[in-house]
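Engineer: What follows is a single structure, and I will ask about it in a moment.
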Amino acid sequence: MLNLVLFGPPGAGKGTQSENIINKYGLVHLSTGDILRSEIARGTDLGRKAKSIMDRGDLVSDDIVIGMIDSKLDSNPNAKGFIFDGFPRTTGQAIALDDLLQKKGTGISAMIALEVTDEELTSRLLKRGESSGREDDKNESIIRNRINEYNLKTSPLKNYYSEQGKFHSIHGIGSVEQIFKAITDRIVFLNAEMDLTALETDIEHLDLTIQDFEVANDIAPELLLEIDAIKRAEAEEAEEEKENKKIARKALAKSSSNKKPAKKTVVAKKLLKGSAKKTAKRSLKKMVKAKTVKPKKKAVVKKSPAKKIVKKKVQVKKKPAKKAKGKKKK
Ligand code: B4P
């Protein structure tokens with residue numbers, strides 16, 4: 001949530017720049033000056049109380065403006081951010097604003113302060129007074145009083161936000177467009193900073209995930225050992241079968257010169273064909289000299305019952321299928 005305090009002395013251009021910021025970022029505009037003027041225009045009790053104070057160029061009491069902001073925050077629950085224009089103007093208002101936002105689970109992102117000289121402010125406000133009809137813009141001494149109020153009561157807020165690392169100063173003299181560009185450049189920086197903070201929070205959450213992974217990893221080694229043993233046993237079995245076939249081929253080659261095939265040759269043939277494999281293997285091992293064939297040690301691995309069941313099922317299915325075919329041919 002982007003919550004900006006647009007700060008500066010009277011006539012610094014807070015209202016003017018607020019309009020541009022709202023149009024670009026879709027923030028809800030809360031201008032205490034506008035709210036007070038609308039209360040005066042509607043002739044409410046609050047408006048009547050505020051009018052004489054504003055006409056003198058003094059600040060309206062903290063209680064009144066804090067109450068106004070509170071109800072405006074409540075009436076915009078789905079806002080994606082606020083721009084506070086002309087509020088807070090005293091340390092009391094700043095503390096109250098922090099409390100209100102904290103209760104709503106948010107806070108001020110930054111204070112953007114427009115810096116303008118007293119001479120420029122006076123000239124701008126007198127010029128506006130020619131057409132605005134605002135009492136506080138018509139008289140130079142009232143304008144001076146507003147500037148004094150700012151220097152005395154409002155300016156200290158720069159330190160308040162500076163201590164929180166939220167103070168951003170913008171040179172407020174130049175064209176409206178130039179100043180707006182300087183503000184938006186700062187907002188780009190602020191958004192990047194907010195993204196970075198969000199990323200840091202995500203990484204903190206990621207630490208928890210790594211911890212979870214480590215717990216899971218404590219269990220994993222046992223499973224990995226079991227899988228490894230199964231794989232090794234299968235590889236050794238395949239290797240043994242390969243060697244047996246090699247021996248059988250040698251035996252066949254030796255006996256090819258003999259008229260009668262030796263018992264060893266018959267067994268070897270059987271082994272190569274793959275029939276009576278187990279019996280052949282056992283016989284061959286007995287007959288072949290211990291020097292030539294060194295049986296490998298087999299890894300003892302308990303195969304899972306599920307595997308055995310699958311093998312048995314396959315064998316059972318094969319046999320009746322062969323018989324059925326033979327019957328049909330007859
Ligand atoms: P606000 O309504 O807040 O207005 P402001 O200080 O007079 O003017 P702002 O800074 O918004 O200037 P703007 O853009 O209009 O205060 C009015 C009174 O309300 C206060 O004196 C006080 O009594 C009361 N009040 C409000 N909030 C309060 C609070 N929180 N606590 C207590 N009392 C409170 O610009 C001024 C003029 O300059 C315009 O004519 C504009 O066209 C011109 N301008 C703007 N940018 C310019 C630029 N770059 N170059 C030349 N001219 C420019």
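The values are calculated or read from the model by the stated rules, or taken from the named source; none is laboratory data. All of these numbers come straight from a predicted model, not from anything done at the bench. Positions of Cβ are generated from backbone atoms using ideal geometry, with glycine treated the same way; all protein chains shown enter the neighbour counts. For the accessible areas, the whole protein counts, side chains as well, though only heavy atoms, and no ligand, DNA or RNA atoms are used. Shrake-Rupley method; radii C 1.70, N 1.55, O 1.52, S 1.80 Å.
Engineer: How much of the accessible area of the range 85-219, probe 1.4 Å, is carbon plus sulfur, in whole percent?
Structural biologist: It is 54 percent, rounded to a whole number.
Engineer: Exactly which GluC sites (Glu not before Pro) in the range 87-166 are in a DSSP loop and have at most 16 other Cβ atoms within 10 Å?
Structural biologist: none
Engineer: I'd like the distance between the alpha-carbon centres of the range 155-211 and the range 45-94, rounded to an integer number of Å.
Structural biologist: Rounded to whole Å, the Cα centres lie 24 Å apart.
Engineer: Same structure, new question: So how far apart, in nm, are the two label points at ASP202 and ARG48 if each is 7 Å from Cα heading toward Cβ?
Structural biologist: Here the modelled spin labels are 5.7 nm apart.
Engineer: Let me ask you something else. If a/c stays under 1.5 just call it rounded; otherwise compare a/b with b/c (prolate if a/b is bigger, oblate if not). Do that for the range 130-247, with a ≥ b ≥ c from the square roots of the Cα gyration tensor eigenvalues.
Structural biologist: Note, shape of the range 130-247 comes out prolate.
Engineer: Quick one: of LYS80/LYS158; LYS138/LYS166; LYS104/LYS138; LYS127/LYS181, which pairs are farther than 29 Å apart, Cα to Cα?
Structural biologist: Exceeds cut-off: LYS138/LYS166; LYS104/LYS138.
Engineer: While we're on this one: Would you kindly find the accessible area of MET1, with a 1.4 Å probe and non-protein molecules such as ligands, DNA and RNA excluded, rounding to the nearest 10 Å²?
Structural biologist: Roughly 100 Å² of MET1 is accessible to a 1.4 Å probe.
Engineer: Would you mind giving the average projected area, over all directions, of the Cα convex hull of the range 69-110 in nm² with one decimal?
Structural biologist: Over all viewing directions, the range 69-110 projects a mean Cα-hull area of 2.9 nm².
Engineer: Please find the FRET efficiency linking LYS250 to ASP228, where r is the Cβ-Cβ separation and R0 is fixed at 56 Å, and quote it to the nearest 0.05.
Structural biologist: Computed FRET efficiency for LYS250 and ASP228 comes out at 0.95.
Engineer: Can you tell me the convex hull volume per residue for the range 37-137, based on C-alpha atoms, in Å³ to the nearest whole number?
Structural biologist: Measuring per residue, one finds 133 Å³ for the Cα hull of the range 37-137.
Engineer: Note down the accessible area of VAL176, probe 1.4 Å, to the nearest 10 Å².
Structural biologist: 60 Å²
Engineer: Could you please put VAL5, VAL28 in sequence from largest to smallest accessible area, using a 1.4 Å probe?
Structural biologist: My answer, sorted largest first, is VAL28, VAL5.
Engineer: Report the full-extension gain for the segment GLU119 to LYS242: residue separation times 0.36 nm, less the Cα-Cα distance, to one decimal in nm.
Structural biologist: Length difference between fully extended and current span is 34.3 nm.
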